[in-house]
Amino acid sequence: MDEVKNINKTNFAEEFVDATEELVLNMGPQHPSTHGVLRVILKLHHEKVVDLDCDIGYLHRGVEKISETLSYKLAAPYMDRLDYISAVSNNLAYIETIEKLAGVEVPKKAQYIRVILTELARISSHLLWLATHALDIGAMTVFLYCFREREEILNIFEMVTGARLTTNAFRIGGLPQDVPEGFEKAVKDFCEILPGRISEYEALLTKNRIWLARTKNVGVISPEDAIAIGLTGPSLRGSGVKWDLRKAHPYESYNEFEFDIPTGENGDTYDRYLVRLEEMRQARRIILQAIDGIPEGDFTAKVPKVLKPPKGEVYHSIEAPKGELGFYVISDGSTKPYRVKIKGPSFYNLQALKKMCLGHYVADVVAIIGTLDIVLGEIDR
Amino acid sequence: MRMKELVSKVLFVDLIKGLSVTFKSMVSHAVTEQYPKERSKIYERFRGEPRMAVDENGKTKCIACNLCAMNCPVGCITVEAERDPETKKRVLTRYVFDMQRCLFCGFCEEICPVNCIQLTTDYEMSQYDRKDFVLELNELEKGMEKIKYKK
Amino acid sequence: MAEEKNKNDSLEKGKAPRKPPKKEEVNLYEEIKDFDTFTKVKEKFADIVLDGKRIREQHIFYIKNENILDFFKYLRDEEKYDMLADLTAIDYPDREKRFAILYNIYSFKKLERLLVRMDIADGEEVETVSEIWPSANWPEREVYDMFGIKFKNHPDLRRILLPEDWKTHPLRKDFDVKNRDQDWMERHLGIREDVNSGEVK
Amino acid sequence: MEFLLVVVVKIVIILAFISLGVAYLTYLERKVIGHMQVRLGPMRVGWHGLLQPIADGLKLVIKEDIIPTQSDKLMFILAPVICFLHAFLVYTFIPFDGPKGFWGYGGYISDVNVGLLFIVAIASVGVVGIILGGWASNSKYPLLGSLRSVAQLVSYEVAMGLAIMGPILLAGSLSMVDIVKAQEKMGVWFFVPQIVAFIIYFICGVAETNRAPFDLPEAESELVGGYHTEYSGFRFALYFLAEYANMITVSAIAATVFLGGWLMPFPSILGPYLSFIPGFVWFALKVFFFLFVYLWIRATFPRYRFDQLMAIGWKILLPLAIANLLVTSFIILYLKM
């Protein structure tokens, strides 16, 4: 009753303002552009976002709990299914952590092949990111062009590891088997076509006025904020922080390759787009150096069949396509890990969504989710 | 410089560049595979449908060592064996492979000491009934029974 | 499970004659030497910092659950550990102080990673660090969700991965991996399953 | 009596032709965009998927027609019909061929002296169907979609109307047939002297029909499906057909007003060789060209944001259209003096 009285008191203009309610819009978990089962609860004023809450966990499978019940080796295929877009990187991070814990030295040859495969995975992940990001913003042809190139990478994965998506590519100590014949040629052929294809995407997007209008000054985040909120990977580098684990704490043989770390200036969606495109080119550069320099030797180190790392705990992280992917593993000296904690980059990157989205339009929310490059398999674990 | 930008904006240079890319691809060859008619190349290492190898007499190669079952992250393999009273060897009595749970990680194939269980390059594994995914030894030896879709 | 264990044991035994016996356990934990931050922190927060170890070129500090906000603020502002890379908990049901909370902080200036470990008892509350590092918001919610550890002054302490009305904390060691919240499932999905056979009723 | 019969036959022919055209426009879209995306598009139903639109139509008709329980049922049922009806009503006034076309019966159903005005008026009534559909669904995504749609249509209508004023001034008539005749008399199609108006008209046309890059009301990556999110089966098909029919309408108006309707290009050079081709073929070719550009644009460009779309409409296209109108009228005035 009081409300009615209040409305009667106000003049028309104020009443008009009051009459515009906030609209609560439920985006997801079934929505074409939340990239999986992410639910974003948006509070809108007209079409502007005034508040936002992420609801995650629809894909929670308890990987951390499951890996406590499995031996060190057997948990590896589960890690492929975290960030299923770049399964090779996940596998590498987990395997390397166990190797670090158990003190296993990996032969150089295996390291080089690991580098090639993970960089291919980086390209494939970025291609998928570009595909979906462009599709969210409405450029649907880029989507299929990217899938065309991704298919080539998946073929290489199939040739080397035996699977296209959940590759289970590496074993503790090295590789399960040597690379097959024709691997070198396939990788080189792919590196041959890649620059031309990237310039095709660039022709479609980089200078396009609509793309510029949609991505420039959208989802801006300053370097300080980005660090505070825990952004890693291309999302952080888009804000101008020149930090890459491959350079900062080189693992495998990354200190032997020459490559640049691209960074952005404004920390907006457009910069992150450019950073990722350049990262694809740099990944190609690393692959070309690695493929020419594969040393002779064993493809795996000698590792006991039943691995029992000494008591201890170790945290190891690699630069996955989406950011810092780390594993924290505690060993109690038995065949099974005592605790496995997965630090997925998407989990921390998604936290930045609220900061980036406030004050933007609904359409920008879609673009920002795209630019964060999240994978729900990794967020929900 | 600004003038140049303005002119290119008015003449839609950026848009025409994109349009030319799509037009070029329209006249170029499509990359689609017409699946049932054309099949893509499957590499030798592909991990697909599981098979159990047999020796020249048609008997199973499996020695019932249980390594595959132990090395399966999801526990989709069940091995049941008996000790033969005469030869004192373990003899396989039942072998079940639950394909609904299989991750196709290839650990069983790697660990098998006699190369009995193999993940073949066969990738068409759809079935109408969930029960058909639980494979017994004889099915594993001759391959899954598949119902071909007819128009 | 039992079978597997036997198998493993037998493999170990089989190997014993070929390789020198690895009876003596390798101790990975070393004492910290010449680590500037540690000496400074040890001096300044003598009552909080209990110990420091080095494992595989990584430093771990062990602290007490007292005034941790000052401690972390010091680490962030003076020692420039500007990112909280990860925050998690570990459950040791046999210990007196049941849980350990692990802070994984990183310095972009020094390119240094630091693990900080803090033992707490069951039911003990921890001061939130989300004021210091905003990135701690979700990980703390996750720890609350998975272990049931409460964080004081947390802006938004709700379950994050599991449903709001879920009862158990699955990453505790006394929670079996096959266990599920049957009541929740009955309430929301209308099914109840047999824990042993997995059959749905 | 004969007059009535002729009209009825013409209506039947044109309606059948347009319906088929709309159906095959969806096929064309899928094929063209498919090939632009280095794939093949529909290939299974019939030779190269030629029967695909018929299969699709059949599927939509026999599908379950879901009416949400919380919706305003009457409006929900009515809305797609309104949309569909107005999309097809417009074809009454479009000259597919000259007065001597269609073997002497006249290549149009009727030639009204305010034809163009009538077309623009009717075409904009179609938006009512969209608003009603979005509102009656009683769901948030359709509501947002329909609101966007209204704002977009209303703002682009203005610029579009002003853009067509240029050719009208040149022709001195609102009748579609007279506009084409004026182009024949002038010897040059209106898109040459009215290039600015032509571009504005085309951009507005794309926006009017809710096509990419202005397809905000139904942007599937943001609003899932926009105003027709809750629609299914036959009612969805009506919306779908209306959208494609509107595309053909806009293309047909563009072909008539700017590209000389049924006229042959370069009659002085090609005239002796190609005069056996009836006018409606030329007309169809021109319409096809526009439709192809529609699809081409859809395959290439990203989507604008809503506020940017409004800004383009009000801040760029409208002033340009007014300027174009003023310049045109001054030149005509000068020439007459």
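Side notes on the structure shown:
- Ligands, DNA and RNA left out, the accessible area of the range C:27-161 computed with a 1.4 Å probe is 41% carbon and sulfur.
- Contact residues in the range C:92-115 (at least 40 Å² less accessible area with all protein chains than alone, 1.4 Å probe): C:TYR106, C:PHE108, C:LEU111, C:ARG113.
- For the pair C:ARG192 and C:ASP156, label points projected 7 Å from Cα toward Cβ lie 3.6 nm apart.
- Label-to-label distance for D:LYS73 and A:HIS45 is 4.0 nm, based on points extended 7 Å past Cα in the beta-carbon direction.
- Rolling a 1.4 Å probe over the heavy atoms of the protein chains gives the range D:1-95 an accessible area of 56 Å² per residue.
- Relative contact order of the range B:1-100: 14 percent, from C-alpha pairs under 8 Å at least 6 residues apart in sequence.
- Based on alpha-carbon atoms, the Kirkwood radius and the radius of gyration of chain A give Rg/Rh equal to 1.04.
- Carbon and sulfur %, accessible surface of chain A computed with the full protein complex present, 1.4 Å: 51
- B/A buried area, accessible surface, summed, 1.4 Å probe, Å²: 2500
- Residues losing 20 Å² or more accessible surface upon assembly, the range D:30-49, compared with the chain by itself, 1.4 Å: D:HIS35, D:MET36, D:GLN37, D:VAL38, D:ARG39, D:LEU40, D:MET43, D:ARG44
- Using a 1.4 angstrom probe on protein heavy atoms only, the contact between D and A buries about 2600 square angstrom of accessible area, both sides summed.
- Peptides ranked, highest mean first, by Cβ atoms within 10 Å: ranges A:170-179, C:148-157: A:170-179, C:148-157
- Panel note: contact residues of the range A:204-248 (accessible area lowered by at least 30 Å² against the chain on its own; 1.4 Å probe) correspond to A:LEU204, A:LYS207, A:ASN208, A:ARG209, A:ILE210, A:ALA213, A:ARG214, A:ILE227, A:ALA228, A:TRP243.
- In terms of its Cα atoms, the protein assembly as shown spans 111, 82, 62 Å along the principal axes, sorted from long to short.
- Shielding by partners, peptide A:70-83 (average Cβ within 10 angstrom, other chains): 3
- When you count the other C-beta atoms within 10 angstrom of each residue and take the mean per peptide, A:204-211, A:371-378, D:168-175 line up highest first as A:371-378, A:204-211, D:168-175.
- Between B:ILE42 and A:LYS242, the FRET efficiency from the beta-carbon distance, with R0 = 30 Å, is close to 0.10.
- In the range A:29-136, the ratio of gyration radius to Kirkwood radius, Rg to Rh, stands at 1.10 when only Cα atoms are counted.
- Ordering D:VAL287, D:LEU169, D:LEU116 by Cα displacement along the dipole of the range D:68-336 toward the positive end leaves D:LEU169 in first place; charges were set at the Cβ atoms of Lys, Arg (+1) and Asp, Glu (-1).
- Only helices enter this figure: runs of n ≥ 4 DSSP H residues, each worth -39500 (n - 2.57), summed and divided by the residues of chain A, yield -16000 deg cm²/dmol at 222 nm to the nearest 500.
- In order through the range C:130-141: 3J(HN,Hα) via Karplus (6.51 cos²θ - 1.76 cosθ + 1.60), integer Hz, x for Gly, Pro: 5, 6, 7, 10, x, 5, 6, 4, 5, x, 5, 4
- Note on surface exposure: B:ARG83, D:ARG39, A:ARG81 rank B:ARG83, D:ARG39, A:ARG81 by accessible area, highest first, 1.4 Å probe.
- Remark: relative contact order (chain A) = 26 percent; criterion is Cα-Cα distance under 8 angstrom and separation of 6 or more residues.
- Computed accessible area, A:LYS308, all protein chains, 1.4 angstrom probe, square angstrom: 90
- Largest to smallest accessible area among A:HIS45, A:HIS35 [probe 1.4 Å]: A:HIS45, A:HIS35
- For the residue pairs A:LYS242/A:LYS302; A:LYS43/D:LYS63; B:LYS88/B:LYS131; C:LYS33/C:LYS173; B:LYS37/B:LYS61; A:LYS341/C:LYS167, the alpha carbons lie more than 26 Å apart in A:LYS242/A:LYS302; A:LYS43/D:LYS63; B:LYS88/B:LYS131; C:LYS33/C:LYS173; B:LYS37/B:LYS61.
- Accessible area per residue (1.4 Å probe, heavy atoms of protein chains only) ranks A:HIS133, A:HIS46 as A:HIS46, A:HIS133, with the largest value leading.
- Computed E for C:ASN67/C:THR168 - FRET, C-beta separation, R0 25 angstrom, nearest 0.05: 0.20
- Farthest toward positive dipole pole in the range A:238-355 [+1 Lys/Arg, -1 Asp/Glu at C-beta], among A:ALA352, A:ILE261, A:ALA248: A:ALA352
- Rough spin-label spacing in nm, given labels placed 7 Å along Cα→Cβ, for B:ASP129 and B:ARG83: 3.9
- Peptides D:316-327, C:127-138 ranked from most to least packed give C:127-138, D:316-327, packing being the mean of other C-beta atoms within 10 angstrom over each peptide's residues.
- Legend: mean number of C-beta atoms from other chains within 10 angstrom of residue C-beta atoms, peptide C:175-186, equals 1.
- Put simply, chains C and A cover up around 4400 Å² of each other's accessible surface, both sides summed, when a 1.4 Å probe is used.
- Per residue accessible area of chain A, 1.4 Å probe, in Å²: 32
- Between the amide H of C:ASP51 and those of C:TYR62, distances stay under 5 Å, these residues lying 5 or more places away or on another chain, with hydrogens modeled in the peptide plane.
- Taking all Cα pairs closer than 8 Å and separated by 6 or more residues, the relative contact order of the range B:50-142 comes to 35 percent.
- Placing unit charges on the Cβ atoms only, positive for Lys and Arg and negative for Asp and Glu, gives the range D:68-336 a dipole magnitude near 280 debye about its Cα centre.
- Dipole magnitude of the range B:50-142, debye to nearest 20 (Cβ charges: Lys/Arg +1, Asp/Glu -1, about Cα centre): 300
- Under 5 Å, built H, 5+ apart or other chain: amide partners of C:ASP86: C:ASN104
- Carbon plus sulfur fraction of accessible area for the range D:1-47, probe 1.4 Å, in percent: 81
- Close amide-amide hydrogen proximity is noted between A:ARG339 and A:ILE330, each under 5 Å apart and 5 or more residues distant or on a separate chain (H modeled in the peptide plane; Pro and chain starts excluded).
- Estimated at the nearest 10 Å², the accessible area of C:ASP77 is 60 Å² with a 1.4 Å probe.
- Per residue of peptide A:161-169, the mean number of Cβ atoms on other chains within 10 Å of the residue Cβ is 5.
- Paired Rg and Dmax values of the range B:50-142, which use every Cα atom, in angstrom: 13.2, 43
- Residue among D:PHE3, D:ILE82, D:ILE67 farthest towards the positive dipole end of the range D:1-93, charges placed on Cβ: D:ILE67
The values are calculated or read from the model by the stated rules, or taken from the named source; none is laboratory data. What you are looking at is a predicted structure, and each value in this text was computed from that prediction instead of being measured. Every residue, glycine as well, gets a Cβ built from its backbone with ideal geometry; the counts of neighbours run over all protein chains shown. All accessible areas refer to the heavy atoms of the entire protein, side chains included, with ligands and DNA or RNA removed. Shrake-Rupley method; radii C 1.70, N 1.55, O 1.52, S 1.80 Å.
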